[in-house]
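The values are calculated or read from the model by the stated rules, or taken from the named source; none is laboratory data. Not measured: the values here are computed from a predicted model. Here the Cβ is made from the backbone with ideal geometry for all residues, glycine too, and neighbour counts use every protein chain on show. Just the protein is used for accessible areas: all its heavy atoms, side chains included, with ligands, DNA and RNA removed. Shrake-Rupley method; radii C 1.70, N 1.55, O 1.52, S 1.80 Å.
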Amino acid sequence: MCVTVVCTYFLLNAEDYQWQWTSFLAAVSTSGYVYVYATYYFIYKTKMYGFFQTSFYFGYMALFSVTLGLMCGTIGYLGTNKFVLKIYSTVKID
């Protein structure tokens with residue numbers, strides 16, 4: 001959530017007010033890293049071979065990565081939304 005808040009802060013400083021998808025995708029990128037690391041782990045660390053072992057491993061890792069991405073993206077978006085509402089509630093227009 002902290003990374004998405006910082007990214008959104010820099011976007012708002014640059015006067016780019018389309019921060020919603022950026023905050024979601026900044027948090028979802030964590031799941032991409034997890035899936036890439038799972039691929040590395042499969043190739044270099046495990047001794048698995050065969051079609052079923054490979055398909056189950058990558059299938060379950062894909063499900064885990066998608067779930068992790070949705071969870072992190074939702075938490076990042078909600079935290080950033082709260083941050084944006086807080087900073088704009090303190091702006092005084094006279």
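Tabulated results
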item	result
Residues (in contact (Cβ under 8 Å) with a residue 24 or more places away in the chain and among the hydrophobic types (A, V, I, L, M, F, W, C)) located in the stretch 8-56	Leu12, Trp19, Phe24, Leu25, Ala26, Ala27, Val28, Val34, Ala38
Test for Leu85: is it exposed (fewer than 11 other Cβ atoms within 10 Å of the Cβ) and either small (Gly, Ala, Ser) or within 30 Å of Thr22 (Cα to Cα) (or both)	yes
Set Thr54, Thr67: member being at pLDDT 95 or above, exposed (fewer than 14 other Cβ atoms within 10 Å of the Cβ) and of a type in the set (S, T, N, Q)	Thr67
Residue that is farthest from Val84 (Cα to Cα), among those in the stretch 12-45 that are over 17 Å from the mean Cα position of the chain (by Cα) and surrounded by 11 or more Cβ atoms within 10 Å (Cβ to Cβ)	Phe42
Unmet requirement for Gly73, which otherwise passes all of (1) in contact with a Phe, Trp or Tyr (Cβ under 9 Å, 6 or more places away or on another chain); (2) open to solvent by 40 Å² or more (accessible area, probe 1.4 Å)	(2)
